[in-house]
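> My questions will all concern the structure given below.
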Amino acid sequence: MTNYSWNSSRAPWRYTLDFLLTGDERALPQLEKMNDWIKAESDGNPENIQSGYTLSGKAVEEGNSTCFVAPFMVSAMVDSSNQQWINRLWNRAIQEQDDDDDYFANTIKLQTMIVASGNWWAP
């Protein structure tokens, strides 16, 4: 598959967590580029983040699932100048009430909020 879709929605959180845990800066340029892109693509509004994109950045699926929004909250942590963006993503995450049976979105939401709130531990 050549789209940024459901399975890859976790990538911003995973790559950033590796950076936060290890300090390895190899992914940092890509994370900064991704953060700049999603802020511009969404016009700084988490409600505008769509549930999937082509690799060229075109939305492929309408919707605003938490599992696409919340990982960008973690990826924004690479730069302290993103604090307002992080706050908007956090507020969107806590306001969104996913269905109780949507384990995928709820699990990603919880795990990203643990990282963003500083309540995670480094092994």
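The values are calculated or read from the model by the stated rules, or taken from the named source; none is laboratory data. Treat the numbers as computed from the prediction; the structure is a model and nothing was measured. Every residue, glycine as well, gets a Cβ built from its backbone with ideal geometry; the counts of neighbours run over all protein chains shown.
> Report every pair of residues separated by at least 6 positions or lying on different chains whose Cβ atoms are under 6 Å apart, first residue within segment 3-18 and part of a helix (DSSP H, G or I), second at pLDDT 95 or above and among the small types (Gly, Ala, Ser).
Within 6 Å, the pairs are Pro12/Ser75; Thr16/Ser75.
> May I pose another question? Give segment 19-39 a look and list any residue that's surrounded by 12 or more Cβ atoms within 10 Å (Cβ to Cβ) and over 28 Å from Gln95 (Cβ atoms), or say none.
Leu21, Ala27, Leu28, Gln30
> Moving on. Tell me whether segment 81-92 contains one or more residues that are under 12 Å from the mean Cα position of the chain (by Cα), at pLDDT below 90 and under 20 Å from Asn45 (Cα atoms).
No; the residues of segment 81-92 include none that is under 12 Å from the mean Cα position of the chain (by Cα), at pLDDT below 90 and under 20 Å from Asn45 (Cα atoms).
> Against the conditions (1) touching an Asp or Glu at 6+ places or on another chain (Cβ under 6 Å); (2) at pLDDT 95 or above, where does Asn106 fall short? Just the number, please.
The single condition Asn106 does not satisfy is (2).
> Among the residues of segment 47-80, how many are farther than 15 Å from Met34 by Cα and not in a loop (DSSP other than H, G, I, E, B)? Steps first, please.
Kept after step one, since they are farther than 15 Å from Met34 by Cα, are these residues of segment 47-80: 47-48, 51, 60-67, 80.
Within this subset, residues satisfying the condition of being not in a loop (DSSP other than H, G, I, E, B) are 47-48, 66-67, 80.
Here the count works out to 5.
> Which one of Phe72, Phe104 is under 10 Å from the mean Cα position of the chain (by Cα) and either of a type in the set (A, V, I, L, M, F, W, C) or within 21 Å of Thr2 (Cβ to Cβ) (or both)?
After applying the criteria, what remains is Phe72.
> Determine which member of the set Ser42, Ser51, Ser65 is over 13 Å from Thr112 (Cα atoms), free of Cβ contacts under 8 Å to residues at least 12 places away in the same chain, within 13 Å of the chain's Cα centre (by Cα) and surrounded by 12 or more Cβ atoms within 10 Å (Cβ to Cβ).
Ser42
> Which residue is nearest to the chain's Cα centre (by Cα), if the candidates are limited to segment 110-123 and must be assigned to a helix (DSSP H, G or I) and within 15 Å of Thr16 (Cα to Cα)? Don't jump to the end; show me each part of the working.
Step one: list which residues in segment 110-123 are assigned to a helix (DSSP H, G or I), which gives 110-116.
If we keep only those that are within 15 Å of Thr16 (Cα to Cα) too, we end up with 111-116.
Numbers: Gln111: 11, Thr112: 8, Met113: 10, Ile114: 13, Val115: 11, Ala116: 10 Å.
Top of the filtered list is Thr112.
> Looking at segment 30-37, can you tell me whether even one residue there is in a loop (DSSP other than H, G, I, E, B) and without any contact (Cβ under 8 Å) to a residue 24 or more places away in the chain?
no
> Being closer than 18 Å to Ser5 by Cα, surrounded by fewer than 20 Cβ atoms within 10 Å (Cβ to Cβ) and among the hydroxyl-bearing types (Ser, Thr, Tyr) is the requirement here; does Ser56 meet it?
yes
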